[in-house]
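One structure is given here, and the rest of the page talks about it.
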Amino acid sequence: MAATHRPFQVGVIVVLLSLLNLQFVLSQSLDNGASQLDNPAVLDLVTRTLYKRIYNLTQNLVDNQFADEFKFCILNRDEEWNHAFNYSSNIAFLSACVTRTKGDIQRRLCTAAEISFYFSNTITSGSNYLTPNRNCNLISWVPGCEPGWACSTGSDQNPDLRNSREIPARTVACQPCCEGFFCPNGLTCMIPCPLGSYCPLATLNVNTGICEPYSYQLPPRQPNHTCGGANIWSDVRSSSEVFCSAGSYCPTNTEKNPCSSGNYCPTGSTAEKPCFKLTSCNPNTSSQNIHAYGAMLIAALATLLLIIYNCSDQIITIRERRLARSREAAAKVVKEKIQARARWKAAKEAAKKHAVELQGQLSRKFSRKRNVTSDKITVLNEEYTDTDGNSYPSKERSTSSVSKKSQSASEVEETGSSPLMEMINEIEEQTFDSSESFSLEIKEKNLKTKKPKAKDIHTHSQIFKYAYAQLEREKAQQQQNKNLTFSGVISMATNTDFKKRPVIEIDFTDLTVTLKGKKKHLLLSVNGKIMPGHITAVMGPSGAGKTTLLSALAGKAVGCTTSGSILINGKSEPICSYRKIIGFVPQDDIVHGNLTVEENLWFSARCRLSADLPKQDKVLIVERVIDFLGLQSVRGSLVGTVENRGISGGQRKRVNVGLELVMEPSLLFLDEPTSGLDSSSSQLLLRALRREALEGVNICMVVHQPSYTLFKMFDDLILLAKGGLVVYHGPVKKVEDYFVGLGIDVPERVNPPDHFIDILEGLVKPSTSSNVNYKELPVLWMLHNGYSVPPDMQQSAAVPASSPVELNIGNQAIFDHVTEENSFASEMWQDMKTNVERQRDIILHNFMRSNDLSNRRTPNVILQYKYFIGRVSKQRLREAKMQAIDYLILLVAGACLGSLTKVRDESFGAPGYTHTIIAVSLLCKIAALRTFALDKLQYWRESASGISSIAHFVAKDTIDHFNTVIKPAVYLSMFYFFCNPRSSFADNYIVLLCLVYCVTGMGYAFAIFLAPGPSQLCSVLVPVVLTLIASRTDGGKFLKILADLCYPKWALEAFVIANAERYYGVWLITRCGALMNWGYSLHDWGLCLCILLLIGLGSRIIAFIGMLSFQKK
């Protein structure tokens, strides 16, 4: 066993002795001269040993000292060391220096203490002049202190390069610095030049006295002093001669080669970089011409946008066209079946009549004709004779008269049933073709239709056929109801298929609305009731409080004090609890102009009808509204805006009403729906509302000067006088009788409502026979109905009617308020207080929530979000020209800024990126204003009706993400390929993507909180001001804190960091100095992006809260 281990032990001893001998030779070579350096093997070993010591020195500095002090500019220590000090590929400059110094190179190398001293002065202070030290000061200044020269420590010293904490004495054997090293002015040692530099020996230019290629001069009065090596490595602005020049590459710090064709070499390159395909790179070029890639990107983006917009538009158009064809085909089929049914019915009746006549002729031949006539019918087991003389059989005797006649004839005949009777029975038993699930089986009594199961209706054709069949059935029912007899009324009353909606009855007592601050009564002691199934008209002169009454009953009166009681179905409940089944048609036509008529109605139906309602029923409701409002001819036309003409004003008004009708309300308020309409359009609208009233809908509407025909179509009337006082409230057919009782007659050929309003305006005086003044009419109405008279009107109520002058004087006190004269300051304070209270009421009203008593489950937020996505997508597709202009402006801005602001290496492209932030922020903010500024009124209306605000906001933001993704690419397609920065396209795109997301959110906030003018002004000024603040580096602590709050600071830092990462090696000091000056850190790139995203998200949250808080109701 011992014998087997002996050869191994001998081998180990031999290896150890060899290593000891080698170490001895190396130490002798480095310490005792160049006695053995002529041997190439020894020189190679000495050089490698020296490189190992330099490796340990630089690695220790990067890992320990620099990693702590300059960690903000060092991202990865190993990579930074490899890029700057990894000379392993070529250490020929070390061998040359060993030979030049005769092995004394170790004593001439700077220790860790000296290198730290140099970099601390260069990077931290930003100065190229070193502070006095042990070897170079006012007392001691040896030749090695001059730039490009170095000295040795002497043979008695052997400094520790890695662990030295103090500057050693180094003043002997001074000589020029070696190639590949630089010797700073004020230090007597040598530091290896980093990779990417070119450090040859300098030569004296006798004309200028400068040691070229460097910029230092020989010291005066020292004729024996010659030019040395490199003297400085610091910021590129002060030591650009050390950097490997643009268009060349330096594989080592002592070799420089020109860049060949097909490659490019930026400043500080260590190797050639091949140019991309389709680019042109001439010899000695520092950058590649990548304009072709910019053109390709533009073409790709243009093609993509054209495909998206055109294909999407084509898809939508084709889909709408197919739906239109299905709808038209369904309507045609239904009409054909109706006509066929009518022809069949006429033929059947003719056959019956002919058979009865023939049977009567035959029966008279064999027997005496029996008169089977009866003038009585039985209703609910009682006989009834119609006023027209027509008798109706009871329920038990429901057989037809033809059958009775034939039966009586057959009783007389003993031969059984005749062939004629068999033919009659066969005709009666035949039915219309019911092979399709939705056949039209219109019967004479109740017109019942066999409804198919929901699972059988799934195609568009089937849905439209079902809808149009139902519409024809309803039209037939309405036609039959025009001439209903008593039995027909009973049949309709007992018809269980007749749909009724939940009823809402509103009873209001002593309703008074007072404007806050001014203490002005908008309504005063209003009493009345609006009932289901009735159309109530609210009329009166201007300023009478008609719209205020509607707003108070609908729960929309804000900024006012409301007193009195409002009962819903006899209970004291808030009206907002029934918001889902209450419709409110505003006075202005608030509809989306960039949607078609059908799209506007469909969106309202989807979001506001019950989520449990089958699709075919929703289609039926929408088709019914379109048909009854006379919008069939324009259903596919855009509503239009002020700039782009669409449908007519009357049609737009009907669409405005249809938005509320499609949700099948139980209570419907309309504010002047007939204003601007002609007589025929107004009657068409009233007929549609009358149909709604037949289903139990409570309709209350403000009307201005209706025609007499229109006036007679109302059920009830609320007539208001100025000051919000009721003059009359009751049936329309009794209003003239009431005023006749007061001595106010309507002249002939004068429209009664016009005459009443003229009287209330004071334009027309009552007849001389009447002792009533128009200002007394409200009090007379209160006394007529026994209502309590307000205290300030009791004086007028107590005065006898025979004293109109005194009564007028007393009543005048109601309207003429004597107020004390307040000071200017008190009035301003009162107005400010009123405005604050009004805004507080609006916010509280918007956030007020109550129990839902409507028993209607509308679609949830996710479904509404889906509907909003579809609607906003169509709107954006129809705004393609506007989007194209936005992209074109961004393209031009990128081309201009890319051409004018070149990316300079010393600033890492900061000026160009600063201009980019301003331009992109400005353009994207202005574009973002359109998202919420153009349809504020539409949103306020939809939100007041119960449509989800969060679905509205998120859907619009989601669609705008398309622009958020495309716009950075559009801008960079010009800017990046003109500037050609060192950072990658992906890095620039990611930063710009976060920036666009950030500024888009801020644009939302400006659009929601400000009016269009101020919002546009802020969108222009804010980016400029914030960018100027963020780019300041010479401010104090306050300015730094303020800059941290500005989004441009984080965007600029992200751009600069992404670009600075690509500068390494000889650029290390330049990078660290610039980042220290700006206060940036390479480690904060992700943080900058997160802050931009958080600012964008925070801006959206603020905008959403503002949208909820400051909306008008």
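Couple of notes before you dig in:
- Some residue of the stretch 909-916 being of a type in the set (V, I, T) and in contact with a Pro (Cβ under 9 Å, 6 or more places away or on another chain): yes
- Some residue of the stretch 645-658 being free of Cβ contacts under 8 Å to residues at least 12 places away in the same chain and not polar (S, T, N, Q): yes
- Contact annotation: residue pairs with Cβ atoms under 6 Å, 6 or more positions apart or on different chains, pairing a residue in the stretch 562-584 that is more than 24 Å from T514 (Cβ to Cβ) with a partner that is part of a helix (DSSP H, G or I), are G583/E660.
- Yes/no for D612 being over 36 Å from the mean Cα position of the chain (by Cα), more than 20 Å from V503 (Cβ to Cβ) and either at pLDDT 90 or above or acidic (D, E) (or both): no
- In the stretch 169-197, residue surrounded by the fewest Cβ atoms within 10 Å (Cβ to Cβ) [restricted to those that are closer than 21 Å to P258 by Cβ and in contact with a Pro (Cβ under 8 Å, 6 or more places away or on another chain)]: E179
Okay, residues lined up against (1) more than 26 Å from S245 (Cα to Cα); (2) aromatic (F, W, Y):
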residue	(1), (2)
C97	no, no
T111	yes, no
F117	yes, yes
C136	yes, no
N158	yes, no
Q175	yes, no
E179	no, no
S197	no, no
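- Test result for L972, at pLDDT 95 or above and closer than 20 Å to S907 by Cβ: no
- Meets criteria (open to solvent by 10 Å² or more (accessible area, probe 1.4 Å) and in contact with a Gly (Cβ under 6 Å, 6 or more places away or on another chain)) for F978: yes
Yes/no matrix, rows are residues, columns are (1) open to solvent by less than 10 Å² (accessible area, probe 1.4 Å); (2) assigned to a loop (DSSP other than H, G, I, E, B); (3) free of Cβ contacts under 8 Å to residues at least 60 places away in the same chain:
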site: L670; (1), (2), (3): yes, no, no
site: S680; (1), (2), (3): no, no, yes
site: R687; (1), (2), (3): no, no, yes
site: H704; (1), (2), (3): no, yes, no
site: F739; (1), (2), (3): yes, no, yes
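- The set of residues in the stretch 244-270 that are loosely packed, with under 15 Cβ neighbours inside 10 Å and either closer than 22 Å to V903 by Cα or touching a residue at least 24 places away in the same chain (Cβ under 8 Å) (or both) contains only P258.
- For the residues T958, T1000, the requirement of being crowded, with 24+ Cβ neighbours inside 10 Å and in contact (Cβ under 8 Å) with a residue 60 or more places away in the chain singles out T1000.
- Every pair of residues 6+ apart whose Cβ atoms lie under 6 Å, when the first sits in the stretch 588-615 and is more than 9 Å from V639 (Cβ to Cβ) while the second is hydrophobic (A, V, I, L, M, F, W, C) and open to solvent by 40 Å² or more (accessible area, probe 1.4 Å): I590/L937; P614/A454
- Residue within the stretch 118-126 that is open to solvent by 10 Å² or more (accessible area, probe 1.4 Å) and touching a strand residue (DSSP E or B) at 6+ places or on another chain (Cβ under 7 Å) present: no
- Against the numbered list (1) under 15 Å from R982 (Cα atoms); (2) part of a helix (DSSP H, G or I), T267 comes up short only at (2).
- Pairs where the first residue, in the stretch 974-993, is more than 12 Å from L1089 (Cβ to Cβ) and the second is of a type in the set (S, T, Y) and open to solvent by less than 50 Å² (accessible area, probe 1.4 Å), C-beta under 8 Å, 6+ apart: F975/T916; C979/T901; R982/Y1063; F985/Y976; N988/Y976
- Candidate set from the stretch 543-589 (those that are closer than 16 Å to T674 by Cα and open to solvent by 30 Å² or more (accessible area, probe 1.4 Å)); member that is farthest from the chain's Cα centre (by Cα): T547
- Test: residue in the stretch 716-730 that is in a loop (DSSP other than H, G, I, E, B) and among the charged types (D, E, K, R): yes
Quick grid of which residues meet (1) touching a helix residue (DSSP H, G or I) at 6+ places or on another chain (Cβ under 7 Å); (2) over 28 Å from N1077 (Cα atoms):
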residue	(1), (2)
C145	no, yes
M190	yes, no
T226	no, yes
S240	no, no
A246	no, no
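- Whether a residue is surrounded by fewer than 17 Cβ atoms within 10 Å (Cβ to Cβ) and either under 14 Å from A537 (Cβ atoms) or under 44 Å from the mean Cα position of the chain (by Cα) (or both) was assessed, and K765 does not pass this test.
- The stretch 148-165, residues that are touching a helix residue (DSSP H, G or I) at 6+ places or on another chain (Cβ under 7 Å) and at pLDDT 85 or above: W149, A150, C151, S152, T153
- Filtered residue count, the stretch 616-644, keeping only those that are open to solvent by less than 30 Å² (accessible area, probe 1.4 Å), within 14 Å of M663 (Cβ to Cβ) and without any contact (Cβ under 8 Å) to a residue 60 or more places away in the chain: 3
- Single residue of the stretch 138-148 satisfying the filter (touching a residue at least 40 places away in the same chain (Cβ under 8 Å) and either assigned to a loop (DSSP other than H, G, I, E, B) or open to solvent by 20 Å² or more (accessible area, probe 1.4 Å) (or both)) that is farthest from V242 (Cα to Cα): V142
- Here P194 meets the list (1) part of a loop (DSSP other than H, G, I, E, B); (2) more than 30 Å from Y51 (Cβ to Cβ) almost entirely, failing just condition (2).
- Single residue of T188, T122, T131 found to be closer than 18 Å to E69 by Cβ and not in a helix (DSSP H, G or I): T131
- Sole residue being assigned to a helix (DSSP H, G or I), among the β-branched types (V, I, T) and in contact with a helix residue (DSSP H, G or I) (Cβ under 8 Å, 6 or more places away or on another chain), chosen from V999, V1025: V999
The values are calculated or read from the model by the stated rules, or taken from the named source; none is laboratory data. All figures in this text were calculated on a predicted structure; none of them were measured in a lab. When we count neighbours, we look across all protein chains shown, and the Cβ atoms used for this are built from the backbone with ideal geometry, even at glycine. What goes into the accessible areas is simple: the full protein's heavy atoms, side chains included, and nothing from ligands, DNA or RNA. Shrake-Rupley method; radii C 1.70, N 1.55, O 1.52, S 1.80 Å.
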